[in-house]
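Student: Input: one structure, supplied below.
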Amino acid sequence: MSDDDGMRVRREVLGDAHVDRAQAATTEFTADFQDLIIRYAWGEIWTRPGLDRRTRSCVTLTALVARGQLDELAMHVRAARRNGLTIGEIKEVLLQTAIYCGVPAANAAFAVAQRVLAEDPGENSGEDTGEDAA
């Protein structure tokens, strides 16, 4: 995949506003890191055919909870919604993390997700599971 593919997918998953902020904040010091993310995370991994974006979002949410990466978690809760996960599905992912990543990690993740989802619940608010909020 090309750098253009990576940037396209990054914009589709994270949204133009986030990517534009990240690009504007890029410095000479961080430029190589931004390039790495675009080429490998977005251009190589997120474009692979083996998993759809919804599944990749579930895996990413879980990994971020496990590692305690709460700032990244907030960004990827938004991305999960953009990738079609409902609020109910995000809640189920976070409940699963309580068992496999620990209750304190999941508790922190629920707080982050609740804040993010309250900002903009979006279209897929959980109608397929009957849930309205995380």
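Student: Of the residues that sit in the stretch 1-31 and are in contact (Cβ under 8 Å) with a residue 12 or more places away in the chain and among the small types (G, A, S), which one is most open to solvent (accessible area, probe 1.4 Å)?
Tutor: Selected residue: S2.
Student: What about V59, is it among the aliphatic types (A, V, I, L, M), at pLDDT 95 or above and open to solvent by 50 Å² or more (accessible area, probe 1.4 Å)? Talk me through it step by step, then tell me what you get.
Tutor: Numbers: among the aliphatic types (A, V, I, L, M): yes; at pLDDT 95 or above: yes; open to solvent by 50 Å² or more (accessible area, probe 1.4 Å): yes.
Answer is yes for this residue.
Student: Can you confirm whether G126 is of a type outside the set (S, T, N, Q), touching a helix residue (DSSP H, G or I) at 6+ places or on another chain (Cβ under 8 Å), modelled with pLDDT of 95 or more and open to solvent by less than 50 Å² (accessible area, probe 1.4 Å)? Before you say what the answer is, go through the steps one by one.
Tutor: Details: of a type outside the set (S, T, N, Q): yes; touching a helix residue (DSSP H, G or I) at 6+ places or on another chain (Cβ under 8 Å): yes; modelled with pLDDT of 95 or more: no; open to solvent by less than 50 Å² (accessible area, probe 1.4 Å): yes.
Answer is no for this residue.
Student: Next up: Which residue pairs have Cβ atoms closer than 7 Å, lie 6 or more positions apart in sequence or on different chains, and pair a first residue in the stretch 105-122 that is within 13 Å of A66 (Cα to Cα) and modelled with pLDDT of 95 or more with a second residue that is hydroxyl-bearing (S, T, Y) and assigned to a helix (DSSP H, G or I)?
Tutor: Once the first residue is within 13 Å of A66 (Cα to Cα) and modelled with pLDDT of 95 or more and sits in the stretch 105-122, its partners that are hydroxyl-bearing (S, T, Y) and assigned to a helix (DSSP H, G or I) give A105/T97; A106/T97; A109/T97.
Student: Of the conditions (1) over 17 Å from the mean Cα position of the chain (by Cα); (2) surrounded by 15 or more Cβ atoms within 10 Å (Cβ to Cβ); (3) not in a helix (DSSP H, G or I), R39 satisfies every one except a single condition; which number is it?
Tutor: (3)
The values are calculated or read from the model by the stated rules, or taken from the named source; none is laboratory data. This structure is a prediction, so every number in the text was calculated from the model and none was measured. Cβ sites come from the backbone with ideal geometry, for glycine too, and all protein chains shown count toward neighbours. All accessible areas refer to the heavy atoms of the entire protein, side chains included, with ligands and DNA or RNA removed. Shrake-Rupley method; radii C 1.70, N 1.55, O 1.52, S 1.80 Å.
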